[in-house]
1. For LEU27 and ARG42 in the same chain, what is the full-extension length gain: residue separation times 0.36 nm, less their Cα-Cα distance, in nm?
2. Okay, which of the stretch 123-152 sit inside 17 Å, backbone N to the point 7 Å along the Cα-Cβ direction of ARG59?
3. Of (i) 60, 29, 7; (ii) 42, 22, 12; (iii) 59, 15, 12, which one was derived for semi-axes √(5λ) of the Cα gyration tensor in Å from the structure shown?
4. Neighbour counts of other C-beta atoms within 10 Å: give me THR142, THR128 arranged from fewest to most.
5. Residue separation times 0.36 nm, minus the C-alpha to C-alpha distance between LEU19 and ASN70: what's the value?
6. Set Lys and Arg Cβ to +1 and Asp and Glu Cβ to -1, take the dipole of the stretch 11-148 about its Cα centre, and tell me which of THR18, PHE74, LEU122 lies farthest positive.
7. Can you put HIS111, HIS102 in order, fewest other beta carbons within 10 Å first?
8. At a 10 Å Cβ-Cβ cut-off, how would you order LYS82, LYS123, fewest neighbours first?
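None of the figures in this text is laboratory data; all of them are computed from the coordinates on show. In this text the structure is predicted, and so the values were computed from the model without any measurement. FYI the Cβ positions are ideal-geometry reconstructions off the backbone, even for glycines, and counts take in every protein chain you see.
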Amino acid sequence: MARHKGGFTLIELLVTITLLSLGLLSLSSLFVSAIVSDTKTRYIQLASDRVQREMERLRSVDFNSVVVTNTGLFAADQGYTKLSQDALLMGVVAFSDDSLPHAVGRITLAHYNPGTGIYPSLKQVTVTLSWQGARLARGSVTEVILLANRPT
């Protein structure tokens, strides 16, 4: 005489719990990658804004003022550190940015040299801002422009 009771067996219940656990685990990794992606996007936006501000600051001054010295555009009291300087006052300047984790910025000034000679009326400006963080959230933003000495 077979008795049939309604309900689930213990095996069916364990299989269901295992499948549910795997599904929830997959969803949790999706949330983690969304958070990392959001953080990286926010850092890229902050870095892009700072690099753009530096470029606009350099565009707004006289061509002959865009030189690497300890005063003027890159004064130490404004948060800049001169890393190198050549005889033509071109070189590299560093800066920091508190809105990004362990951020280090570099501004490189050089006379434009396309390989056929130096153009003294053109300066190539490269601004790079790099930051550290978790492996997936670190990165850098670089922008390069040419400044021209426009006769008045």
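1. 3.1 nm
2. Those under the cut-off are 123-128, 142-150.
3. The value matching this structure is (iii).
4. THR142, THR128
5. Between LEU19 and ASN70, full extension yields 11.9 nm more.
6. LEU122
7. HIS102, HIS111
8. Ranking LYS82, LYS123 by Cβ neighbours within 10 Å, fewest first, gives LYS82, LYS123.
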